[in-house]
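A.B. asks: Quick one: the structure is below, questions incoming.
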Amino acid sequence: MNDNEERPVTIITGRVWRRKDGRAEGVHVLLVAPDDDSAVRRALEALNAEGFAEVEFDQIGDMDGEPDDEPHLSAYQGALEGEVSIVTFNEKR
């Protein structure tokens, strides 16, 4: 990939905790970064800034296109605009 090509939106999936030993929430972090290491670092910084005490990532990958549904559609647009977009949700048990 050369410098003139747009980077794809990266999605990182995992779990977050607002308090140590608290209830886990699922998380999807969407952002644009030059490589996976930078993406993970930026995601951790954003989650820390949002007050999450613990983070556990499961997967990282590039999205194949724009999502169809909210809240991921807005998060995807935010990532294209340079934001680190965070989507949290209750995990199914």
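A.B. asks: Against the definition (within 17 Å of N90 (Cβ to Cβ) and within 11 Å of the chain's Cα centre (by Cα)), how does V27 come out, yes or no?
C.D. replies: Working: within 17 Å of N90 (Cβ to Cβ): yes; within 11 Å of the chain's Cα centre (by Cα): yes.
Against the criterion (within 17 Å of N90 (Cβ to Cβ) and within 11 Å of the chain's Cα centre (by Cα)), V27 qualifies.
A.B. asks: Starting from region 60-89, take each residue that is free of Cβ contacts under 8 Å to residues at least 24 places away in the same chain and list its partners that are aromatic (F, W, Y) and outside any loop (DSSP other than H, G, I, E, B), counting only C-beta distances under 6 angstrom and pairs at least six apart or across chains.
C.D. replies: So the pair list comes out as E66/Y76; P67/Y76.
A.B. asks: If we only count strands (runs of 3 or more DSSP E) wholly inside the chain, which ones have 3 or more residues that are at positive phi and either among the basic types (K, R) or modelled with pLDDT under 95 (or both)?
C.D. replies: none
A.B. asks: If you take the residues of region 29-49 that are under 14 Å from G78 (Cβ atoms) and not small (G, A, S), which of them is surrounded by the most Cβ atoms within 10 Å (Cβ to Cβ)?
C.D. replies: So the residue we want is V29.
The values are calculated or read from the model by the stated rules, or taken from the named source; none is laboratory data. Since the structure is predicted, the reported quantities are computational estimates derived from the model, not experimental observations. Reconstructed Cβ throughout: ideal geometry from the backbone, glycine too, with neighbour counts over all protein chains shown.
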